[in-house]
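For reference, the structure is listed below as structure tokens.
The values are calculated or read from the model by the stated rules, or taken from the named source; none is laboratory data. Values in this document were obtained by computation on a predicted structure and should not be read as measured data. Backbone-built Cβ (ideal geometry, glycine too); neighbour counts: all protein chains shown.
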Amino acid sequence: MSGTLASFSSMAVAARELSADMSTFEILFFRSLVGLLLLLPIVARNRGAGMRSHRIGLQVGRNCVHFAAQYGWVAAIAVLPLAEAFALEFTMPVWATLLAVIALSERMTTPRYIAVIGGFIGVLVIVRPGFAAFNPAIFYMLGAAVGFASSVIITKVLIRKDSPLTIIFYMSVVQMPLGLVPAVFDWTPPTLAHVPWFLIVGLGGLTAHFTLARALNLADATIVLPIDFLRLPLIALIGAAVYDETLVIWVIIGAAIIFGANYYMVWQESRRQ
């Protein structure tokens, strides 16, 4: 989980730094390129096993959705205070719960109702419509959360036949041209100063999800989730130290409501299992 916190936080800073010089599409292209270069030796070591998928069409569909979500995430990180962006991203489990009921016919239980209602209340507390200046970039991050939730639901279907390595491999292969084609029309020649940020974005994208998956494999979600929530105060400190951002108390309150509702759902479902 320490690796997860470091990966997500460093990715946010790298995306913010790169956004000052180049388009979101170009950033996503280099993220996929770096990720693919890092994965190729692992795929080769497994004798190309990671390249074989039983659901190519679903892989492509998942990555189109995931690419759109990543676009919204990077675009929001570029302009929103980092703490606010991360707080809104925490709504992802809420959307995943709703989508699981719709797409996978999962049952809507009382804890899940509480998680959904708490999630929406938390968003309203953070955004405070009518009481605070509204930033349209909020929709980018909320859209990203919905996209990430959709990606999780599709992954639940893919994982039945495809390995995690295959899913991550196709994530880079499919998303790289999706970023390259529109980036060509607004291309900024990268410099040596950009290379470290490219490496952080590409490597962080792989290590964040790998370390989180390993943590969930080693410990119960009720232990992992509170540690993951530490991303918010950590990124708030980074935002204050690096970008002189002021932490708004409503962001902390709204994020705590979202987290509390999600944690209650996970705790109840863990007890039931």
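Among all residues of the range 112-125, there is none that is buried (at least 21 other Cβ atoms within 10 Å of the Cβ), touching a Phe, Trp or Tyr at 6+ places or on another chain (Cβ under 6 Å) and within 24 Å of Thr24 (Cβ to Cβ). Out of all the residues in the range 139-155, is one or more assigned to a loop (DSSP other than H, G, I, E, B) and of a type outside the set (Lys, Arg)? Scanning the range 139-155, I find no residue that is assigned to a loop (DSSP other than H, G, I, E, B) and of a type outside the set (Lys, Arg), so the answer is no. When the range 168-183 is limited to residues that are within 19 Å of Asp21 (Cα to Cα) and not hydrophobic (A, V, I, L, M, F, W, C), the one that is surrounded by the most Cβ atoms within 10 Å (Cβ to Cβ) turns out to be Gly179.
If the condition is being over 19 Å from the mean Cα position of the chain (by Cα), modelled with pLDDT of 90 or more and buried (at least 16 other Cβ atoms within 10 Å of the Cβ), then the range 238-249 contributes only Glu245. Take Asp186 and decide whether it is in contact with a Ser or Thr (Cβ under 9 Å, 6 or more places away or on another chain), at pLDDT below 90 and exposed (fewer than 14 other Cβ atoms within 10 Å of the Cβ). So Asp186 does not fit the description; no. Taking first residues from the range 99-121 that are within 20 Å of Leu142 (Cα to Cα) and partners that are of a type in the set (Phe, Trp, Tyr), the Cβ contacts under 8 Å between residues at least 6 apart in sequence or on separate chains come to Ile114/Tyr264; Ala115/Tyr264; Gly118/Tyr264. Thr91: under 27 Å from Arg160 (Cα atoms), under 19 Å from the mean Cα position of the chain (by Cα) and at pLDDT below 90, yes or no? Against the criterion (under 27 Å from Arg160 (Cα atoms), under 19 Å from the mean Cα position of the chain (by Cα) and at pLDDT below 90), Thr91 does not qualify.
Selection over the range 82-111 of residues that are of a type outside the set (S, T, N, Q), buried (at least 21 other Cβ atoms within 10 Å of the Cβ) and not in a helix (DSSP H, G or I) gives a count of 1.
A residue that is assigned to a helix (DSSP H, G or I), free of Cβ contacts under 8 Å to residues at least 12 places away in the same chain, surrounded by fewer than 22 Cβ atoms within 10 Å (Cβ to Cβ) and not aliphatic (A, V, I, L, M) occurs nowhere in the range 58-74. Report whether or not Gly3 is within 19 Å of Val181 (Cα to Cα), within 21 Å of the chain's Cα centre (by Cα), in contact (Cβ under 8 Å) with a residue 40 or more places away in the chain and in a helix (DSSP H, G or I). Answer is no for this residue. Going residue by residue through the range 151-163, is there one that turns out to be in contact with a His (Cβ under 9 Å, 6 or more places away or on another chain), among the small types (Gly, Ala, Ser) and within 20 Å of Asn262 (Cα to Cα)? Checking the range 151-163: at least one residue is in contact with a His (Cβ under 9 Å, 6 or more places away or on another chain), among the small types (Gly, Ala, Ser) and within 20 Å of Asn262 (Cα to Cα).
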